[in-house]
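Chemist: Submitted below is the structure of interest, expressed as structure tokens.
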Amino acid sequence: MRITVFGATGATGRELLAAALAAGHTVKAFARRPEALGELAARVEVVSGDIRDSAQVGRAVSGADAVVSALGTGRDLAPTTVLSEGTASIIAAMKAQDVQRLLVITSGMVTPTGTEPLFFRLIGQRLLRHVHADHLRLEEHVKASGLDWTIVRPPRLLDGPARGGYRLARDEGLRGGKEITRADLARFMLAEAAERQYVRGGVAIGY
């Protein structure tokens, strides 16, 4: 497949790039700072720019079979709209380029009301409330997009190799699923891009 990855310079984004290359996909990476891709920059097509610039985003999604967004805010806990605004920009560009398959990563804290694990609900409502609010806005944009979307909601992300054996839950919280490696998250995202088992649905993932 031809895969475009947004948020490519983050830890999860780089894992997605590496997994996509290992699976034989053709990969575009959208990056505000291409130098942050390190050695991966030589193995993918890099599109540099601002996520809110429609022309730059359009070049990144052009010709893609699937678009994967791993946009994040790092450790910044301040009020933000970058996740929702960036996702709206991606959606607009995909529609303009007639690209239909979109997969986005949000958070295990964002599940239908009443089904999220208590721990995630408390953290989301307190410590991460600003990021949580922008994730909610992001998901609203995705659900209203009319695209063939899938929202993936991981818990705490770990570095390290893929373990396998993760569990999934559609449109509800995943009981006991408190962590997942970025490698396993990336493998699931790429498999789902092609298999389309959760089109127009949200899926929680964890061990």
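Chemist: Return the long-range amide H neighbours of residue 66 (sequence gap of 5 or more, or a different chain), with a cut-off of under 5 Å between placed amide H atoms.
Modeler: Residues meeting the amide H criterion: 2, 4.
Chemist: When you count, for each residue, the other Cβ atoms within 10 Å and take the mean per peptide, how do 191-200, 166-175 rank with the highest first?
Modeler: 166-175, 191-200
Chemist: Now for a separate question. Per residue, how large is the accessible surface of the chain? Use a 1.4 angstrom probe and give square angstrom.
Modeler: 47 Å²
Chemist: Run the accessible area of the chain with a 1.4 Å probe and give the carbon-and-sulfur part as a rounded percent. The partial results should precede the final answer.
Modeler: On the way: 4670 of 9660 Å².
So the carbon and sulfur contribution to the accessible surface is 48 percent.
Chemist: Mind computing the radius of gyration and Dmax over the alpha-carbon atoms of the stretch 10-56? Å is fine for both.
Modeler: 10.6, 30
Chemist: What list of ³J(HN,Hα) couplings, whole Hz, do you get for the stretch 59-66 from phi and the Karplus terms 6.51, -1.76, 1.60, once you set θ to phi - 60° and write x for glycine and proline?
Modeler: Karplus-based 3J(HN,Hα) across the stretch 59-66 equals 5, 6, 8, 4, x, 6, 7, 8 Hz.
Chemist: Once both axes come from the Cα atoms, what is the angle between helix 11-22 and the longest principal axis of the chain, in degrees from 0 to 90, rounded to 10?
Modeler: Relative to the chain, helix 11-22 is tipped by roughly 60 degrees.
Chemist: Still on this structure, I have one more. In sequence order, what are the phi-derived ³J(HN,Hα) couplings for the stretch 155-162 according to the Karplus relation 6.51 cos²θ - 1.76 cosθ + 1.60 with θ = phi - 60°, rounded to whole Hz, with x for glycine and proline?
Modeler: Working through the residues one at a time gives x, 4, 8, 10, 7, x, x, 5 Hz.
Chemist: Same structure again: Mean-square fluctuation check for the chain, GNM, Cα pairs under 10 Å: which of 183, 162, 70 is largest?
Modeler: Per the Cα network of the chain with a 10 Å cutoff, 162 tops the list.
Chemist: Using only alpha carbon positions, build the gyration tensor of the chain, then give the equivalent ellipsoid semi-axes as the square roots of 5 times its eigenvalues, largest first, whole angstrom.
Modeler: 24, 19, 17
Chemist: A further question on this structure: Calculate how steeply helix 82-97 sits against the longest principal axis of the alpha-carbon atoms of the chain, using the helix alpha-carbon long axis, and give the answer as 0 to 90 degrees to the nearest 10.
Modeler: 50 degrees
Chemist: Using each residue's phi in the stretch 139-145, evaluate 6.51 cos²θ - 1.76 cosθ + 1.60 at θ = phi - 60° and report the 3J(HN,Hα) Karplus result to the nearest Hz, with x for Gly and Pro.
Modeler: 5, 4, 4, 5, 5, 8, 6
Chemist: Using +1 on the beta carbon of Lys and Arg, -1 on that of Asp and Glu, and nothing else charged, what's the dipole of the stretch 1-64 about the Cα centre, debye to 20?
Modeler: That gives the stretch 1-64 a dipole magnitude of about 100 debye.
Chemist: I've got another one for you. Quick one: if you stick a label point 7 Å off each Cα along the C-beta vector at residue 128 and residue 140, how many nm between them?
Modeler: Modelled inter-label distance: 2.0 nm.
Chemist: Is the shape of the stretch 53-94 rounded, prolate or oblate, going by the alpha carbon gyration tensor and its root eigenvalues a ≥ b ≥ c, with a/c under 1.5 for rounded and a/b larger than b/c for prolate? Can you show the working numbers first?
Modeler: Numbers: a/c = 2.99, a/b = 2.05, b/c = 1.46.
The shape class here is prolate.
Chemist: Something else now. Ranked highest first by the average count of other Cβ atoms within 10 Å around their residues, in what order do 129-138, 30-39 fall?
Modeler: Numbers: 129-138: 19.4, 30-39: 15.4.
My ranking of the peptides, most packed first, is 129-138, 30-39.
Chemist: What residues have an amide H closer than 5 Å to that of residue 149, excluding those fewer than 5 places away on the same chain, when H is modeled at 1.01 Å from N in the peptide plane?
Modeler: When sequence neighbours closer than 5 places are left aside, the close amide H contacts are 102, 200.
Chemist: Let a ≥ b ≥ c be the square roots of the eigenvalues of the Cα gyration tensor of the stretch 154-207; is it rounded (a/c under 1.5), or, if not, prolate (a/b larger than b/c) or oblate?
Modeler: oblate
Chemist: Which residues' amide hydrogens lie under 5 Å from the amide hydrogen of residue 31, considering only partners 5 or more residues apart or on another chain, with H built in the peptide plane?
Modeler: 47, 48, 49
Chemist: To the nearest 20 debye, what is the magnitude of the charge dipole of the chain about its Cα centre, counting +1 on the Cβ of each Lys and Arg and -1 on the Cβ of each Asp and Glu?
Modeler: 340 debye
Chemist: Kindly state, to the nearest 0.05, the FRET efficiency for residue 52 paired with residue 171, given R0 = 41 Å and r defined as their beta-carbon distance. Mind dumping the intermediate values first?
Modeler: Values: r = 30 Å, r/R0 = 0.72.
In this case the efficiency is close to 0.90.
The values are calculated or read from the model by the stated rules, or taken from the named source; none is laboratory data. The model shown is predicted, which means the values in this text are computed figures rather than measured ones. Backbone-built Cβ (ideal geometry, glycine too); neighbour counts: all protein chains shown. Remember, those area values only see protein heavy atoms, side chains included, never the ligands or the DNA or RNA. Shrake-Rupley method; radii C 1.70, N 1.55, O 1.52, S 1.80 Å.
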